[in-house]
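Shown next, in structure tokens, is the structure this report addresses.
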């Protein structure tokens with residue numbers, strides 16, 4: 001069974017408190033990762049570096065840090081992920097304000113330390129699970145709409161269909177890079193027909209192409225064809241290139257990109273690989 005991981009951004013100016021939260025919340029639930037942020041000005045850069053943050057937890061310590069102001073700022077920016085406010089003592093006016101703004105949870109540190117960390121860990125999981133469920137519901141609706149659109153493209157040029165499929169796949173997986181390649185088992189050659197190096201200013205930029213590669217000469221992106229199974233990793237640093245399971249080099253078809261995580265799949269019909277596609281980061 002695959003363990004679900006939860007990421008919480010914890011904003012506070014109290015370094016000692018941040019360390020205790022990171023230590024004890026993780027002890028309560030090892031599936032929770034705490035990402036500490038030392039102040040309001042560092043929130044956006046931390047979110048940019050950690051794209052899969054599920055929930056923001058903010059310590060309310062005015063005037064140094066106003067959790068209500070932070071919540072309103074994130075809302076104005078269109079960041080609607082779950083938000084938890086923490087305060088040193090029970091504050092009725094703060095609780096009422098948080099309720100009126102529909103902040104997900106308000107927790108006071110006035111209870112015993114262990115109860116507080118257990119409560120915080122529980123609330124992080126509840127927020128994250130709700131976010132995951134909402135995201136999956138949205139993705140499923142988009143997926144069904146995409147399947148309908150693809151079914152209506154039978155009279156469209158092949159390259160237009162491929163471009164639509166790659167764009168949609170990247171949007172559904174929130175990916176930066178992607179490719180689609182056909183495979184000829186007779187010649188043992190891959191034919192790269194579309195790839196994307198990430199979004200331009202307005203939309204996901206997909207390049208249609210027609211490049212051929214011998215399977216024996218390609219690196220990591222040939223593994224779905226060679227192994228006839230999906231290939232993925234959430235951390236490239238843990239992929240031991242050159243051992244008995246992997247080729248010595250990435251040798252990816254789109255140069256100049258740095259991979260962090262990816263998933264690649266083969267398209268198989270009657271036991272024969274016909275194509276492969278992948279998304280990354």
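Since every read-out is calculated from the coordinates, none of them should be taken as a lab result. Computed from a predicted model, the values in this text were never measured in an experiment. Neighbour counts are summed over all protein chains in view; Cβ atoms, including those assigned to glycine, are modelled from backbone coordinates with ideal geometry.
If R0 is 45 Å, what FRET efficiency do you get for residue 237 and residue 210 from their C-beta distance, rounded to 0.05?
That gives a FRET efficiency of 0.85.
May I ask you to compute the full-extension gain from residue 272 to residue 137, defined as 0.36 nm times their residue separation minus their alpha-carbon distance, rounded to one decimal in nm?
Fully extending the segment from residue 272 to residue 137 adds 45.3 nm.
On a full-extension model of 0.36 nm per residue, what is the gain between residue 69 and residue 13, subtracting their alpha-carbon distance, rounded to one decimal in nm?
Using 0.36 nm per residue and subtracting the Cα-Cα distance, I get 18.7 nm.
May I ask for the Rg/Rh ratio of segment 6-135, computed from Cα atoms with Rh as the Kirkwood radius, given to two decimals?
Ratio of gyration radius to Kirkwood radius: 0.92.
Rg to Rh ratio, segment 47-106, alpha-carbon atoms and Kirkwood radius?
Checking Rg against Rh, the ratio lands at 0.96.
Take the Cα pairs of segment 67-215, get the Kirkwood Rh, then feed it into Stokes-Einstein at 25 °C and 0.890 mPa s and tell me D in µm²/s.
125
As an exercise, use a Förster radius of 22 Å and the Cβ-Cβ distance of residue 150 and residue 51 to find the FRET efficiency, rounded to the nearest 0.05.
Calculated transfer efficiency: 0.20.
How far is helix 67-76 tilted, in degrees, relative to the longest principal axis of the Cα atoms in the chain, given as a value from 0 to 90 rounded to the nearest 10?
Taking Cα atoms only, the helix is inclined about 30 degrees.
Rounded to the nearest 10 degrees, what's the angle between the helix 113-151 long axis and the longest principal axis of the chain, both from Cα atoms, 0 to 90?
Its long axis makes an angle of about 30 degrees.
Based on alpha-carbon atoms only, what is the radius of gyration of segment 100-173 relative to the globular estimate 2.2 N^0.38 Å?
That works out to 1.88 for segment 100-173.
Once you put a point 7 Å from the Cα of residue 229 and another 7 Å from the Cα of residue 259, both along the Cβ direction, what distance in nm separates them?
Result: 1.7 nm between the two label points.
Once the cut-off is 25 Å, how many percent of the Cα-Cα pairs in the chain end up in the long-distance tail?
57
Calculate how steeply helix 15-28 sits against the longest principal axis of the alpha-carbon atoms of the chain, using the helix alpha-carbon long axis, and give the answer as 0 to 90 degrees to the nearest 10.
Once rounded, the angle reads 60 degrees.
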